[in-house]
Amino acid sequence: MEARKRLKKGDRSDIRKDLRDVHHPGSAGLMRYAKLSLRQRREALKEEKAHTYALATARYVRMSPRKVRRVVDLIRGKKLEEARAILKYTPHRAAEVVAKVLESAAANGMNDDRKNMIEDQIYVKAAYVDEGPALKRMLPRARGSANMIKKRTSHITIVVGEKNG
């Protein structure tokens, strides 16, 4: 039996990256967008060829990002028809807004002359929710004090791509 070789920190991340690509075939960059900031995500998408994906964004949506993420996590990596069905029967308020953004992204992919995506082959390549500015409101409390209430907003981004085969 061979002795196991201890891996350095950098080697482990390479192995993790390879495993990630195995779990998400057809989309090497599906998970890599999750840990990046909004600006870094835009830069990462610019590196890919523009005709391989279509993107739609809804900004300043008056819903908490945490609640919208619950819905977005359901459709990540799914085919377009499957994602539509999931959103139709999801009993969350955010499902309606996410469905609108998904339809917009799909329409952007199908109607752009350079992309020319086929509806049956479209899938959700990446979907993420960023926090927008919070509306701050005051709630009066006892003895003349006040508590701040943060009414949170979200930026919802959905990227669709075309799966061949």
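Laboratory data are not the source of any read-out in this text; all were calculated from the coordinates shown. Nothing here was measured: the structure is a model prediction, and the numbers come from that model. No Cβ is skipped: glycine too gets one built from the backbone with ideal geometry, and neighbour counts run over all protein chains shown.
In this simple spin-label model, placing a label point 7 Å from the Cα along the Cα-to-Cβ direction at both Glu81 and Lys136 gives a separation of 5.0 nm. Taking 0.36 nm per residue of separation and subtracting the current Cα-Cα distance, fully stretching the chain between Lys150 and Tyr89 would add 19.0 nm. Here segment 51-165 is treated as a Stokes sphere of Kirkwood radius computed over C-alpha pairs; at 25 °C and 0.890 mPa s its diffusion coefficient rounds to 161 µm²/s.
Remark: for residue pairs Lys78/Lys150; Lys88/Lys151; Lys88/Lys125; Lys100/Lys163; Lys79/Lys151, the C-alpha separation exceeds 29 Å in Lys78/Lys150; Lys79/Lys151. Residues of segment 120-140 with the amide nitrogen closer than 17 Å to a label point 7 Å from the Cα of Lys67, along Cα-to-Cβ, please. Of the residues in segment 120-140, 129-137 have backbone N under 17 Å from the label point off Lys67.
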